[in-house]
Amino acid sequence: MGEASVLAIVETVLAITLSILLAVKRGSAIYIAAAACIAPFLLLRTERSTELALQWADKLFGLLHNFMRIKKVKEAVAARQTVLDTSLELTYARWS
């Protein structure tokens with residue numbers, strides 16, 4: 001008791017690596033912030049606190065996934081609108 005186990009060290013390194021990779025790949029530090037919010041509950045190491053932290057993590061990452069999907073849809077709609085606007089401008093310029 002009171003000593004770090006190899007498994008705990010490996011878990012920590014993997015969690016940090018995953019958070020950083022997600023942050024870099026997605027271009028957002030929200031994954032690091034989410035991990036930092038959930039980590040204290042996992043450190044309690046009681047069965048109930050671990051279960052609760054995992055439930056919260058599922059909900060949080062589900063919300064993040066939906067947010068990123070909505071953001072991508074909005075970006076796609078904005079890009080499409082830009083193409084349409086440019087096309088209309090070119091058509092108008094051609095016939096003017």
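Since every read-out is calculated from the coordinates, none of them should be taken as a lab result. Computed from a predicted structure; not experimentally measured. Note that each Cβ is placed from the backbone with ideal geometry, even for glycine, and that neighbours are counted across all protein chains shown.
Counting only residues at least eight positions apart within a chain, or on another chain, the aspartates and glutamates with an alpha carbon under 17 Å from that of K74 are D85.
Ordered by the number of other Cβ atoms lying within 10 Å of each residue's own Cβ, fewest first, F61, F67 fall into the sequence F67, F61.
Over all pairs of different C-alpha atoms in region 7-80, the reciprocal of the mean inverse distance, the Kirkwood hydrodynamic radius, equals 13.7 Å.
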